[in-house]
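Please treat every number below as a calculation from the coordinates, not as lab data. On a predicted model such as this, the values are computed, not experimentally measured, just so you know. Cβ sites come from the backbone with ideal geometry, for glycine too, and all protein chains shown count toward neighbours.
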């Protein structure tokens, strides 16, 4: 959950918040900040109207509950009064008679249950007095705390137009304190979240102790199992309200003193809901509206407040409130009502307002906004769709919000869709590359099959080739070297031997040789590998075996072939002499042996390093190598579940030239048979 500051009553449940931006769209104060696709409340800008709570279908916007504080007061032994907003008739449509509702509240432990509607009547009379005083100054009603907060925070230039009269909630609280004493605890029950903030206002301290919504009241009824059938009906405690019961309806408060909006005179303007109040206050501040009174409600009447739990239709609720007010007025003792009204109109109902300017700084430079719009793909005015999907009325406002740090570019639906199309195109390219790779793999499989076919042919060619080699050698031995055909015959022998090597390499590379595992001393492997050729006198040999357990499990013949090839390649790389270093040591992994075969030869170029293990690739002169030695080595090492890599430098300017082959082989083979041939010979090298 989003952390709340002391005066913040609405918060975000982040696990439920999705990227719909409905709350941004419905917030008149634009007090919603989008971070990583989730909405957070900007506490200083929030006017606690609760529009975001009301419109969020996922209940990601919640408000603070105060049930525990109410219970604490009820259990304290002090006198506690519940003051109830008249919109109860729009909330508790499931209760047949309001007397039962009053009885249910008293069953919770309240000593008094009073109507906020009487306070509304007092406030309405104060409004009427101001209008009849003939002041030239236009006034804005202050019954709705969200309207007061909106003007203080976002239209501070017209704070002086706010009517300096308390709200009906505070008015009835003052009445009850007068009647029952200052020790009386008062709990407001209504549809409004902003009342929680109003009650916390320093100038009203001591009047309202706790504010709860109808939602919270229903929960308290549920916890105690209270319903209209298990309580005693009761009437509201005095003072009883008259026409004030209609003040939750738009313009209802002024109707209690027979003041109505007159479109001909234009003295009173009534507006409600987010769109209308934003427009009215903006036009009023700019001097485009002239009227004596602006009666404003942030919700579409208090009957649509965010603290209401039901989902009944607007006009159904409005009808219920009208019927409720009519039934009460028919039973009203007019003389007593007038007496109470005259008595409590003498109370001081004045209040003050404080400017709390939360307006954003002057709009960013238009050039900056144009740049943001261009980043959103809106390079010309015609590209600005003003679709409102981002929560802002225009693309220009969205761009300004991005620069102010409260919005993100991804909030723009057309922009996001365009990005999605680009991602799809990129994904299509990736799929094409993948398809190409798959085709290459299939081609590789075909080549592998052809390799097997070639190996089969080579196997068949090997026998007659052996006959050719045998008889060509016999003929070469029998003929005199002075014979004119001696050189031709010698060439036949050489080329036949070369064919034999190529065919043998093909066979070794194409077939999976059987691995015969035995325990072999490392010294034996190195010694036998060195026997395969004659060590030149100009090459210095340095052999170091650093492992305390110089034994490895492997196929001896195949590993001798690996080492002999690597040793021979190293010697060939040092035609002018050099040093061959052979090191065997334990690998860091602990269960592996690492072999390093390093020469000080000419080195291998970078472009050739990546092709070292390709079949038939060789850097040797034509006729000097087949390009099958290293691929065969690679296959043998892999069959032993080892690894081989090569490091080389052929640039004298970059350091000493030479090549190092690094082999890593498991000390113990996991493919060994149950019985391993022992070979413990410790021959010296």
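When each of the peptides 481-490, 209-218 is scored by how many other beta carbons lie within 10 Å of its residues on average, the order from highest to lowest is 209-218, 481-490. When only C-alpha pairs under 8 Å and at least 6 residues apart count, what is the relative contact order of the chain, in percent? That works out to 11 percent.
Protection proxy ranking for 649-661, 135-147, using the average of other Cβ atoms within 10 Å per residue and placing the highest first: 135-147, 649-661.
Label point of residue 13 set 7 angstrom out along Cα-Cβ; within segment 215-235, amide nitrogens under 19 Å from it belong to 215-220, 222-223. Take every pair of alpha-carbon atoms less than 8 Å apart whose residues are at least six positions apart; their mean separation over the length of segment 518-666 yields a relative contact order of 23 percent.
Per the Debye calculation on segment 65-344 with a single equal scatterer at every Cα and no solvent contribution, log₁₀ I(q)/I(0) for q = 0.12 Å⁻¹ amounts to -0.72. As a length-normalised measure over Cα pairs under 8 Å and 6 or more apart, the relative contact order of segment 73-198 settles at 40 percent.
Our helix-only sum for the chain, with -39,500 (n - 2.57) per DSSP H run of n ≥ 4 divided by its residues, gives a mean residue ellipticity at 222 nm of -13000 deg cm²/dmol. Most tightly packed first, judged by the mean number of other beta-carbon atoms within 10 Å of their residues, the peptides 553-562, 63-72, 602-611, 90-99 read 553-562, 90-99, 63-72, 602-611. Comparing segment 1-155 with the 2.2 N^0.38 Å rule of thumb, its C-alpha radius of gyration ratio is 1.31 (two decimals).
Over every Cα atom in the chain, the radius of gyration and the widest Cα-Cα span, Dmax, amount to 47.0, 153 Å.
Just check segment 366-408 against the gyration tensor rule for me: Cα atoms, a ≥ b ≥ c as the square roots of the eigenvalues, rounded for a/c under 1.5, and otherwise prolate or oblate depending on whether a/b exceeds b/c. Verdict is oblate for segment 366-408. With a cut-off of 20 Å on the backbone N, the residues of segment 639-666 near the modelled label site 7 Å out from residue 606 along Cα-Cβ are 645-661.
Helix 486-510 axis versus longest C-alpha principal axis of the chain: approximately 30°, rounded to the nearest ten.
Placing a label point 7 Å from the Cα of residue 409 along the Cα-to-Cβ direction, the residues of segment 361-394 whose backbone N falls under 16 Å from that point are 368-380.
Pop the C-beta distance of residue 481 and residue 533 into the FRET formula with R0 = 41 Å and round what comes out to the nearest 0.05.
Once rounded, the FRET efficiency stands at 0.95.
For segment 480-498 and segment 53-118, write down the distance between their C-alpha centroids in whole Å. Between the Cα centre of segment 480-498 and that of segment 53-118, the gap is 116 Å.
If R0 is taken as 41 Å, the Cβ-Cβ distance between residue 360 and residue 430 corresponds to a FRET efficiency of 0.45. Taking 7 Å steps out from each Cα toward its Cβ at residue 348 and residue 229 produces label points 5.2 nm apart. Distance between the 7 Å Cα→Cβ label points at residue 549 and residue 20: 6.6 nm. Estimated at 0.36 nm per residue, the fully extended path between residue 423 and residue 494 surpasses their Cα-Cα distance by 19.4 nm. Between residue 36 and residue 596, the contour length at 0.36 nm per residue exceeds the Cα-Cα span by 196.4 nm. What percentage of all Cα-Cα pairs in segment 518-666 are separated by more than 25 Å? Cα-Cα pairs of segment 518-666 separated by over 25 Å account for 26 percent. Distance between the modelled labels on residue 71 and residue 586, one decimal in nanometres: 6.6 nm (7 Å Cα→Cβ projection). Once the Cα-Cα distance is subtracted from the 0.36 nm per residue extended length, the residue 309 to residue 460 segment shows a gain of 45.3 nm.
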